[in-house]
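Notes follow the structure.
Read-outs: derived from the displayed coordinates by stated rules, not from any lab. Computed from a prediction, not measured in an experiment: that's the story for all the values here. All Cβ positions, glycine included, derive from the backbone under ideal geometry; neighbour counts span all protein chains shown.
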Amino acid sequence: MYPKEIIEKLIKAQKAVVLTGAGISAESGISTFRGTGGQWDKVDPMKLATPEAFAKDPKYVWEWYEARRRQLREAKPNMGHDVIAGMEEFFPKFTLITQNVDRLHQKAGSRNPIELHGSIWMARCAGIPSCGEWEDRHELVNLPPQCPHCGALVRPGVVWFGEGLPGEAWAEAEKAALECDVFFVIGTSALVHPAASLPETAIQKGKLVIEINPEETPLSGLVTLSVRSHAGPALELLREKLLANDSA
Ligand code: BJW
Ligand code: ZN
């Protein structure tokens, strides 16, 4: 699965970046968005993951996120999350970038992941214009609450289609992609931009790019190594190989 020369390069790498998508949480029982069994087989993303959808039917959108929060409260990180958390100790400089809003990386012990698409555990004022109020949202409530500051509705603190990514998070992610020695892209269909442009940048810059995904993606033919496997077992094997070689 991992050629010897790749392992040797990884042992020497100083700066590593990991970009994750919904597939990393699949082994924790959380559905991905696209593909068979994905959430968007059952529901239309344009009726749920856009500001227009929330404006039209805030209750419907809120209930979908509430159902996901309910499921996530019980979810546990899996082997993939654990190995990625351990990479912080292995590589001298390590940056975790995630598109996921579930915070399972943090539950596994990753210290400071860059959340490109926000967090389902945050909420913010949906007023037009917004008063800018943000809040932690762990308590489950069936209806979108009102902003304590201005009285407008509160919306999930995630990034929907057509919305810009958090500026600081994006700048940090781009910088990490430009400066890294190795870029891992794990469990993402690589269809959603601008997140998918990060591995594309790393590829263009001639970095070592390793994809882990049981399915082919638009990146598969372009990366240095495409590991066609589920993230948990592939990352567990990688950890074994790195630790064995590191102490050899
Ligand atoms: C496993 C596995 C296992 C299974 N192990 N793997 C350039 C070109 C075309 C379009 C655009 C473009 N630039 C911008 C756009 C528009 C749009 C976009 O990208 N659209 C495309 C889909 C066509 N992008 C945006 O709108 C973004 N904003 C933006 O560009 O702002 C600038 C702007 C502003 C104003 C006007 C114009 C521009 C924002 C994107 C926000 C995405 N939000 C969502 C919802 C978040 C909230 C929520 O969770 O509800 O983010 S959409 C959804 O997709 C979610 C994800 O983070 C994101 C990515 O999905 P991901 O993680 O890749 O999951 P899947 O399901 O797609 O794939 C799972 C993978 O796992 C699969 O490959 C499986 O094989 C694999 N897998 N089991 C490992 N065990
Ligand atoms: Zn407000």
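The relative contact order of the chain comes to 23 percent, based on Cα pairs under 8 Å that sit 6 or more residues apart.
Divide by every residue of the chain the summed helix terms, -39500 (n - 2.57) for each DSSP H run of at least 4, and state the resulting mean residue ellipticity at 222 nm, rounded to the nearest 500 deg cm²/dmol. Don't jump to the answer; show the numbers that get you there.
Working: 10 runs with 94 residues, N = 248.
Computed mean residue ellipticity for the chain: -11000 deg cm²/dmol.
Return the percentage of antiparallel bridges among DSSP beta bridges fully within segment 78-178, rounded to the nearest 5 %.
Numbers: 8 of 10 bridges.
Expressed as a percentage, antiparallel bridges in segment 78-178 total about 80.
Please figure out what share of the DSSP beta bridges in segment 1-144 is antiparallel and state it in percent, rounded to the nearest 5. Taking every DSSP beta bridge within segment 1-144, about 25 percent pair in antiparallel fashion. Size of segment 111-188 from its Cα atoms: along the principal axes, largest to smallest, the extents are 48, 25, 23 Å. For a paramagnetic label modelled on K59 (point 7 Å from Cα along Cα→Cβ), amide N atoms under 16 Å away belong, within segment 146-177, to 146, 153-154.
The orientation-averaged shadow of the Cα convex hull for the chain, equal to a quarter of the hull surface, comes to 13.0 nm².
Relative contact order for segment 146-216: 29 percent, from Cα pairs under 8 Å spaced at least 6 residues apart, divided by residue count. When +1 charges are put on Lys and Arg Cβ atoms and -1 charges on Asp and Glu Cβ atoms, the dipole computed for segment 96-248 relative to its Cα centre reaches about 80 debye.
State the extension gain, in nm to one decimal, for the chain segment bounded by D82 and S229, taking 0.36 nm per residue of separation less the distance between their alpha-carbons. Spell out each step's value before the answer.
Working: separation 147, 0.36 × 147 = 52.92 nm, distance 1.68 nm.
The span from D82 to S229 would gain 51.2 nm if fully extended.
Each principal axis of the Cα atoms in segment 165-227 has its own extent, and those three values, largest first, are 31, 23, 14 angstrom.
Counting only Cα atoms, segment 1-115 measures 53, 27, 26 Å along its principal axes, largest extent leading. Only Lys, Arg, Asp and Glu carry charge here, each on its Cβ (+1 for the first two, -1 for the last two); on that basis segment 1-144 has a dipole of about 220 debye about its Cα centre.
For K205 and E163 in one chain, what is 0.36 nm times their gap in residues minus the Cα-Cα distance, to one decimal in nm? Show your work: numbers first, answer last.
Working: separation 42, 0.36 × 42 = 15.12 nm, distance 2.74 nm.
Full-extension gain reported as 12.4 nm.
For the chain, the share of DSSP beta bridges that are antiparallel, to the nearest 5, is 30%. A full extension of the chain between L222 and L237 corresponds to an added length of 3.1 nm, given 0.36 nm per residue minus the alpha carbon distance.
Normalised by the number of residues in segment 1-107, the average gap of Cα pairs under 8 Å and 6 or more apart makes the relative contact order 40 percent.
Given R0 = 35 Å, the distance between the Cβ atoms of E135 and T36 translates into a calculated FRET efficiency of 0.45.
With the cut-off at 27 Å, tell me which of the pairs K93/K241; K47/K107; K12/K107 have Cα atoms farther apart than that. Don't skip to the end; give the middle numbers.
On the way: K93/K241 19 Å; K47/K107 30 Å; K12/K107 29 Å.
Going by Cα-Cα distance, K47/K107; K12/K107 fall outside the 27 Å limit.
Taking a straight line from the alpha carbon of K4, these aspartates and glutamates sit under 19 Å away, with near neighbours fewer than eight places off in the same chain left out: D181, E211, E236, E240, D246.
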